[in-house]
């Protein structure tokens, strides 16, 4: 699945750079840089899927004590970090070309998404700094839940506090604002990133399961129970 | 298995408790009952779970299953509910649970005040040969002397309390000389005679001799033993006193050690210094930008968090306060004062004005940011390596209230 996702993302890039129609020079300061939108939007979409998995995994660990849910927490945080960084840096590049500044501290949507990505970095680095155990899992699962509060905030921010960052172009409820060819490339990108992120999380969960098995074997060799 | 119930009041009940630490289940289906006038001594090999049981009994550790009751009040349960104990709780941890910056007598008075009462300190200090050290800092004591202070801090609240108290002692004999262990045994006997309940973990035969019951943590078995005859050693007069709150203690420590100067104030001063070095630039800015610069040093002060959090890791002082004082000490109103001073300095330095509403806003900003970062720092206390966590990565969330505040002020 991971491989199919990679192939899809590669195809999206090729289509975005070579096939997708150019945008009007009257509507954009930097029409060439607009093509990064085919990467930026699907990456942000995939990040929301990953952060959703982080939330479900965190809640599942805290309330059900499920090992599978803990693995979902780990996978969600790592995938959220990867795709969150993709969305943030692609946004910075686009912003630098279009607005003349890579970051706008007054834009709530931009900042809340940045904070969500920072939280993913915190959870991944923090968890890796600790030995695995119930204390580590409880603490970072609690932060996983806390982080998800930022997701609806970001969602609301796209609709209320659109200052510099453009509003949503699809699923707005009153028809899409982009033409069919652009929509097709965006759709391929969204599907590819979705497949990629699911593959990434499945691989990550498998890796975590193997790490846990290795730890149990090491513990047995240590002479523990 | 719990000891047979008598007519005495049950001060502590653990009901079907399961506790995990790391990847191991340390306590499984553990039930224990300690009544007034009993001394229950926990036995078992190293790693059997004695300290875990004691800290669970004090409501310090989260449980996977079960509950801990002090009388009929559930002080902790597996659902995460927490309530303050209705009893005076005395606690001796394996670490000494006090800061090096505390004065010996003050620490003991603070411990006693948790019971709402106090007794004369001098006889206790004399028995432990600490009278000449009463006004010394804890940091200046030897390890053995510091251990004596920690033991006294665990026992004195019960000596002062006119009502039954729960005393939890984790290897109180460790590091004490022979004479001190003998005195400790007699005090334990006296406390049992007074109707208090003691729960003790030890490997020392002389401590075990004080037990009315032995509890084998490995096997989960209770055994009634023959304790020494009850005796009352000294008559003490207990007088009411006001309990010292964790916040009052935190403020006192901040004022005494000036720990805020090393971190928070230096960050603020450096930021202010950089702004002043930029020269006359404020006139070219709009009101929003001016506010952003004026409040920047105050924000820097708050973003450093509460230095007391790191200090309280020393000898697990924060854990001791949670057990006996109901919460961890914090800086209280100190950030308000520091925030007001820094905002006042910045408004004068950059704008040559004294707008009191900006000073007030700066004080509130500093208070909120300081305590928010302090909360973030405290949220990692349960971890094996709390210092290794990247708490700083969470602080950018505080840009949002800062942005809102400068928007409102401009």
For this session: Kindly check whether there is at least one residue in the range B:211-222 that is touching a residue at least 40 places away in the same chain (Cβ under 8 Å), within 25 Å of the chain's Cα centre (by Cα) and surrounded by 20 or more Cβ atoms within 10 Å (Cβ to Cβ).
Result: no
Problem set entry | Residue check for residue B:230: assigned by TED's automatic domain parsing to the domain that holds residue B:128, closer than 21 Å to residue B:34 by Cα and in a loop (DSSP other than H, G, I, E, B) | yes
Problem set entry | Condition check for residue A:83: outside any loop (DSSP other than H, G, I, E, B), within 12 Å of chain B (Cβ to nearest Cβ) and either more than 20 Å from residue B:403 (Cβ to Cβ) or touching a residue at least 12 places away in the same chain (Cβ under 8 Å) (or both) | no
Seminar exercise, completed: Considering the range B:9-32, residues that are assigned to a loop (DSSP other than H, G, I, E, B) and in contact (Cβ under 8 Å) with a residue 24 or more places away in the chain, and then whichever is nearest to residue B:193 (Cα to Cα), we arrive at B:9
For this session: Can you work out which of the residues in the range B:186-205 that are more than 26 Å from the chain's Cα centre (by Cα) and part of a helix (DSSP H, G or I) is surrounded by the most Cβ atoms within 10 Å (Cβ to Cβ)?
Result: B:189
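The rows are residues; the columns are (1) surrounded by fewer than 18 Cβ atoms within 10 Å (Cβ to Cβ); (2) at pLDDT below 95; (3) not in a helix (DSSP H, G or I).
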position: B:100; (1), (2), (3): yes, yes, yes
position: B:125; (1), (2), (3): no, no, no
position: B:132; (1), (2), (3): yes, yes, no
position: B:148; (1), (2), (3): no, no, no
position: B:152; (1), (2), (3): no, no, no
position: B:156; (1), (2), (3): no, no, no
position: B:163; (1), (2), (3): yes, yes, yes
position: B:166; (1), (2), (3): no, no, yes
For this session: Please specify each residue of the range A:183-225 satisfying the condition of being within 14 Å of another protein chain (Cβ to nearest Cβ), assigned to a helix (DSSP H, G or I) and under 30 Å from residue B:48 (Cβ atoms).
Result: A:211, A:212, A:213, A:214, A:215, A:216, A:217, A:218, A:219, A:220, A:222
Exercise. Among B:295, B:308, B:303, B:244, which is within 28 Å of residue B:112 (Cβ to Cβ) and crowded, with 21+ Cβ neighbours inside 10 Å?
Worked result: B:308
Problem set entry | Residue list for the range B:355-407, filter: surrounded by fewer than 16 Cβ atoms within 10 Å (Cβ to Cβ) and either more than 14 Å from every other protein chain (Cβ to nearest Cβ) or modelled with pLDDT of 90 or more (or both) | B:355, B:356, B:357, B:360, B:375
Exercise. Among the residues of the range B:46-77, which ones are over 24 Å from residue B:97 (Cα atoms) and either modelled with pLDDT under 90 or within 14 Å of chain A (Cβ to nearest Cβ) (or both)?
Worked result: B:64, B:65, B:71, B:72
Exercise. Only one residue in A:100, A:91 is at positive phi and either away from chain B (no Cβ under 14 Å) or more than 15 Å from the chain's Cα centre (by Cα) (or both). Which one?
Worked result: A:100
Exercise. If only one of B:137, B:156 is in contact (Cβ under 8 Å) with a residue 60 or more places away in the chain, under 27 Å from residue B:60 (Cβ atoms) and under 20 Å from the mean Cα position of the chain (by Cα), which one is it?
Worked result: B:156
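One line per residue, one yes/no per condition, for (1) within 24 Å of residue A:10 (Cβ to Cβ); (2) modelled with pLDDT under 95; (3) surrounded by fewer than 21 Cβ atoms within 10 Å (Cβ to Cβ); (4) away from chain B (no Cβ under 14 Å):
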position	(1), (2), (3), (4)
A:26	no, yes, yes, yes
A:31	yes, yes, yes, yes
A:37	yes, yes, no, yes
A:45	yes, yes, yes, yes
A:51	no, yes, no, yes
A:62	no, yes, yes, no
A:72	no, no, no, yes
A:87	yes, yes, no, yes
Exercise. Can you name the residue in the range A:120-137 that is part of a helix (DSSP H, G or I) and at the interface with chain B (Cβ under 7 Å from one of its Cβ atoms) and is also farthest from residue B:399 (Cα to Cα) among such residues?
Worked result: A:134
Problem set entry | Hey, residue B:251 in contact (Cβ under 8 Å) with a residue 40 or more places away in the chain, buried (at least 17 other Cβ atoms within 10 Å of the Cβ) and under 18 Å from residue B:150 (Cα atoms) or not | no
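The values are calculated or read from the model by the stated rules, or taken from the named source; none is laboratory data. It should be emphasised that the depicted structure is a prediction, and the values quoted were computed from it without experimental measurement. Counting neighbours? That spans all protein chains shown, and the Cβs are built from the backbone with ideal geometry, glycine included.
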